[in-house]
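What follows draws every value from the coordinates through simple rules; no lab data is involved. Because the structure is predicted, anything quoted here is derived from the model rather than measured. Heads up, the Cβs are rebuilt from the backbone with ideal geometry, glycines too, and the neighbour counts pull from every protein chain shown.
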Amino acid sequence: MLTDRFEADYLLETPIDPARAAETMAGEQSSGTFVAIPGETPELKERASARVVALEILERDVPGRSLPSNVPSPPDERITRARVTLSWPLATIGPSLPNLVATVAGNLFELKCASGLRILDIRLPAAFGEAYPGPRFGVAGTRRLAGVEGRPLIGTIIKPSVGLDPAATAALVDELCGAGIDFIKDDELQSDGPACPFDQRVAAVMAVVERHADRTGRKPMFAFNLTGDLDQMRRRHDTLLAHGATCLMASLNSVGLVGMIELGRFAQLPIHAHRNGWGYLSRHPMLGWSYVAWQKLWRLAGADHMHVNGLSNKFSETDDSVVASARECLTPMFADKPCTVMPVFSSGQTARQAHGTYAALGSTDLIMTAGGGVMAHPDGVAAGVRSLREAWAAAIAGIPLAEHARTHPELGRALEIAA
């Protein structure tokens, strides 16, 4: 366990000697610069500079650079790829998430010696766990508020994403709650526009949710999108409290790290963290972040639920990547402060993904949200909800999906359109 240093692992691609490139990275992101300077004494470097603590060659003689540069590339150039670990003294930045990002992901991506660079993981000392709240609810708190144990939370997204006014949104929520839904969320595109004002949407939706809670003794969780400026998020958060809401949603890349840290400090509800925009940080395999590293920032800041995409998703991510992301959300960060969060599976999910998701994750600690997988069911949204619950019941019981579908018509119909 790290105590007075923090580390980051990188996938480095370079046209020069990888050991020299790694030392350039360490110098650039600590005490050094592109030329030797008088003040960088051996004593200062020993005390304050970053260190290259590991370098493993992964590939040699790769033909051509992944990323462009203002340095011409020879026609016969061969590139090396390596895994590099850098270590920094905690004393240089203290347990500060914004300055951690500036250190591990600052000017490194622009270096000429790196024709590709991707952050694979970060490891932090316990001081970070002491400095930040982490998830206040996480898996246990989410289950308690939603009244769901022993299975995933079955959820959906309000669809159409935008275009419904508060009354139409509430009418759809009424139908979903009547079908026994566990979790509903705003689409990330739905915020506080004049066509569907936040306050009016909250009032209309929560009146429906409370009515169903009175009937069943269990309150479905609705994640209202309060993404905005800090003052707007504070006011919207207070509106949610006043109406008895049990969840809020924020778009991580929109509010930024500092916005999320502040939201985590004042929020009294579970934070459903949406990662929209993730592709521009990750899609190129030799640039940006791995989710394994990136999600740790937001867990410390206070997220309780983290989107991880889904199996056989509508986007470009592989199933292996999705599963690794979900497992990481359930992996403790510190011995005395796990900061585990509920992974959220979404993006083209239907009843067909239940068995594969359960087999890959080995846990029911997740939220599965299906938009079209619920809303597009040929027998209506209530049948869509039941089809997902039936699929998960079969997965947990070890019953083949097709076999279970023969005696559960909503599931059978869902499989017809999801083929």
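The C-alpha atoms of the chain define a longest principal axis, and helix 381-397 lies at about 60 degrees to it. The separation of the range 259-313 from the range 32-98, counted between C-alpha centres, amounts to 26 Å.
Evaluated at q = 0.12, 0.23 Å⁻¹, the base-10 log of the normalised Debye intensity for the range 206-261, with identical point scatterers placed on the Cα atoms, takes the values -0.33, -0.85.
Near residue 5, the amide H atoms lying under 5 Å from its own belong to 90; only residues 5 or more places off or on other chains count, and H is placed 1.01 Å from N. Between the range 122-179 and the range 1-19, the C-alpha centres lie 35 angstrom from each other.
Per residue, the average separation of C-alpha pairs within less than 8 Å and at least 6 apart gives the range 107-186 a relative contact order of 30 percent. For the chain, lysine pairs separated by 8 or more sequence positions, or belonging to different chains, with Cα-Cα distances below 17 Å total 4. Diffusion coefficient (Stokes-Einstein, Kirkwood radius over C-alpha pairs, 37 °C, 0.692 mPa s) for the range 201-331: 205 µm²/s, rounded to a whole number. Here the average projected area of the convex hull drawn through the C-alpha atoms of the range 67-170 stands at 13.8 nm².
Distance between the pseudo-spin-label points of residue 320 and residue 58 (7 Å out from Cα toward the beta carbon): 1.2 nm. Helical content alone sets the calculated 222 nm signal of the chain at -12000 deg cm²/dmol, taking -39,500 (n - 2.57) per DSSP H segment of four or more residues and averaging over every residue.
Output the relative contact order of the chain, whole-number percent, from Cα pairs under 8 angstrom with separation of 6+ residues. Relative contact order, the chain: 16 percent. Pull out the extension gain between residue 37 and residue 403, defined as 0.36 nm times the separation in residues minus the alpha carbon to alpha carbon distance; nm, one decimal. Computed gain between residue 37 and residue 403 is 124.5 nm. With a simple spin-label model that places each label point 7 Å from the Cα along the Cα-to-Cβ direction, the separation between residue 69 and residue 3 comes to 4.0 nm. Taking only the C-alpha atoms of the chain, Rg followed by Dmax gives 23.7, 79 Å.
Counted residue by residue at 0.36 nm each, then reduced by the alpha carbon distance between them, the extension gain from residue 396 to residue 101 reaches 102.2 nm. Compute log10 of I(q)/I(0) for the range 319-364 with the Debye formula, placing one identical point scatterer on every Cα and leaving out solvent, at q = 0.29 Å⁻¹, to two decimals. So the normalised log intensities work out to -1.15. Calculated FRET efficiency, residue 203 to residue 265, Cβ-Cβ distance, R0 = 22 Å: about 0.25 to the nearest 0.05. The long axis of helix 18-28 is offset from the longest Cα principal axis of the chain by roughly 80 degrees.
In this structure the amide hydrogen of residue 121, modeled in the peptide plane, comes within under 5 Å of the amide hydrogens of 9, none closer than 5 places in sequence on its chain. Counted residue by residue at 0.36 nm each, then reduced by the alpha carbon distance between them, the extension gain from residue 167 to residue 416 reaches 86.4 nm. The modelled label-to-label distance for the pair residue 45/residue 376, using points 7 Å beyond Cα in the direction of Cβ, is 6.0 nm.
Rounded to the nearest 0.05, the FRET efficiency derived from the C-beta distance between residue 112 and residue 327 at R0 = 45 Å is 0.80. As a calculated quantity, the FRET efficiency between residue 91 and residue 19 at R0 = 25 Å, using C-beta atoms, amounts to about 0.45. Taking the empirical scaling 2.2 N^0.38 Å for compact globular proteins as reference, the range 91-235 has a Cα radius of gyration ratio of 1.42.
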